[in-house]
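One structure is given here, and the rest of the page talks about it.
The values are calculated or read from the model by the stated rules, or taken from the named source; none is laboratory data. Note that the coordinates shown come from a computational prediction; the quantities given were computed from them, not determined experimentally. Here the Cβ positions follow ideal geometry from the backbone for every residue, glycine too, while neighbour counts run over all protein chains shown. To get the accessible areas, we keep the full protein, side chains included, count just its heavy atoms, and leave off ligands, DNA and RNA. Shrake-Rupley method; radii C 1.70, N 1.55, O 1.52, S 1.80 Å.
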Amino acid sequence: MAVRKIIIDTDPGQDDAVAILLALASDELDVLGLSIVAGNVGLHHTTRNAAMICELAQRPDLPIFAGCAAPLARPLVTAEHVHGKTGLDGVALPEPQMPLQDRHAVDFIIETLRAEPVGTITLCALGPLSNLASAFQRAPDIAARVAQIVLMGGAYSAGGNVTPCAEFNIFVDPEAAATVLACGAPIVMMPLDLTHQALTSKARVAAFRDLGTAAGHAVASWTSFFDRYDARKYGQDGAPLHDPCVIAYLLQPELFSGRDINVMVETQSPLTLGMTVADWWGATKRPTNVTFMTGLDAEGFFELLTERIARF
Ligand code: BDR
Ligand code: CA
């Protein structure tokens, strides 16, 4: 497999952290940088968390760019009740020493897409889409240069996780999500329908802990931390490991199945704000803009994840 250049746009978050570790453990991926956005917690915490994760992965050289501190058109909504006060509660990590880059994340995205050959950069979006949408709005030429956008967000038959209809990443910045879905670049979407199959279980968490490494311990502790919330909420053993699905797709796309459909985002209605209206049955004549994933080989996913985390 040729090495694929990626930018990870993220709001870490424990499941973002696992996704970043998965990417950094994988030779098939060349992570050019992390562009950070506010989401699970405020930007101050998400940038600090990103640095902690890079240092845990022994990658203090990886460029981290702080980005949008708020959604395009509304106040920030955060999720400390899921991710804890810092967004990365669950394990104590040392205060990070690595510096942040001076450039804004949106400039980094624009300049990288313009500098690299057309069709060579994949954008992996793990949080609200404020950075990506700002980049497309400011530099409309870059959309045609993107190889692919793989994003975690949205929901169809699974219903929402922050309102009855809306998934968190899309709900936080629905205008940004609408901009990205209309940008014209190839998009693969990992909605809750898919990520709710990537469930941690006691055995899967134990497999991470049994690695006996700092990374294995962190992954086990992070997943156990948000388990306490999700397991209660969904009434099952374990919690969905949303964001690592994005990276796993780049490594083993055969673990995933879905359909090319049209998806639009509700940006007006107070009742259904942030809903991803997925035209699964082709009821409209709207053009397809997304590959909407709904099927996951969960055993294969956790095998891949455990094998890669073991590399640290
Ligand atoms: C998404 O929201 C966040 O809580 C997670 O990190 C994930 O990106 C799931 O709805
Ligand atoms: Ca996230």
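How large is the Rg to Rh ratio of segment 1-73 when both quantities use alpha carbon positions and Rh follows Kirkwood?
Expressed as Rg/Rh, it is 0.98.
How many nm separate the modelled label positions at Ala92 and Gln137, each set 7 Å beyond the Cα in the direction of the Cβ?
With each label placed 7 Å out from Cα toward Cβ, I get 4.2 nm.
If you roll a 1.4 angstrom probe over the protein chains with everything in place, what fraction of the accessible area of segment 4-309 belongs to carbon and sulfur, to the nearest %?
55 percent
Nearest 20 debye, what's the magnitude of the dipole of segment 192-312 about its Cα centre given +1 on Lys and Arg Cβ and -1 on Asp and Glu Cβ?
260 debye
Rg/Rh for the chain: what does it come to with C-alpha atoms and Rh from Kirkwood?
Taking Rh as the inverse mean 1/r over Cα pairs, Rg/Rh reads 0.93.
Which value in deg cm²/dmol, rounded to the nearest 500, describes the helix-derived mean residue ellipticity at 222 nm for the chain, given -39,500 (n - 2.57) per DSSP H run of n ≥ 4 and division by the residue count?
That comes out to -10500 deg cm²/dmol.
Given 10 °C and 1.306 mPa s, how large is the Stokes-Einstein diffusion coefficient of segment 32-168 in µm²/s, with Rh as the Kirkwood radius over Cα pairs?
99 µm²/s
How large is the accessible surface per residue of the chain, computed with a 1.4 Å probe and reported in Å² as a whole number?
38 Å²
Calculated FRET efficiency, Arg209 and Asp61, Cβ-Cβ r, R0 25 Å, to nearest 0.05?
That gives a FRET efficiency of 0.35.
Restricting things to alpha carbons, tell me how big segment 42-83 is in terms of Rg and Dmax, in Å.
12.5, 37
Between Gly119, Gly153, Gly13, find the one with the highest GNM mean-square fluctuation for the chain; connect C-alpha pairs within less than 10 Å.
Of the options given, Gly119 has the highest mean-square fluctuation.
Pairs of Cα atoms under 8 Å, at least six residues apart: use those to get the relative contact order of the chain, whole percent.
It comes to 19 percent, rounded to a whole number.
Contour minus end-to-end for Ser157 and Leu271, with contour as 0.36 nm per residue of separation and end-to-end as the Cα-Cα distance?
Fully extending the segment from Ser157 to Leu271 adds 39.3 nm.
Using a simple spin-label model with points 7 Å from Cα along the Cα→Cβ vector, what separation in nm is obtained for Gln101 and Gln252?
Reported label-point gap for Gln101 and Gln252 is 3.1 nm.
When N is the residue count of segment 106-213, what does its C-alpha Rg come to as a fraction of 2.2 N^0.38 Å?
With N residues counted in segment 106-213, Rg over 2.2 N^0.38 Å equals 1.26.
Once you have the Cα-Cα distance between His44 and Ala2, take 0.36 nm times their residue separation minus that, and quote the gain in nm to one decimal.
Working it through step by step, the gained length comes to 11.6 nm.
Just the Cα atoms of segment 169-312, one point each, no solvent: what log10 I(q)/I(0) does Debye give at q = 0.09, 0.16, 0.19, 0.20 Å⁻¹?
Rounded to two decimals, the profile gives -0.34, -0.93, -1.14, -1.20.
Where in the chain is the longest stretch that carries no trypsin sites (Lys or Arg not before Pro) classed as loop by DSSP and with at most 11 other Cβ atoms within 10 Å?
In the chain, the maximal stretch lacking such sites is 86-284.
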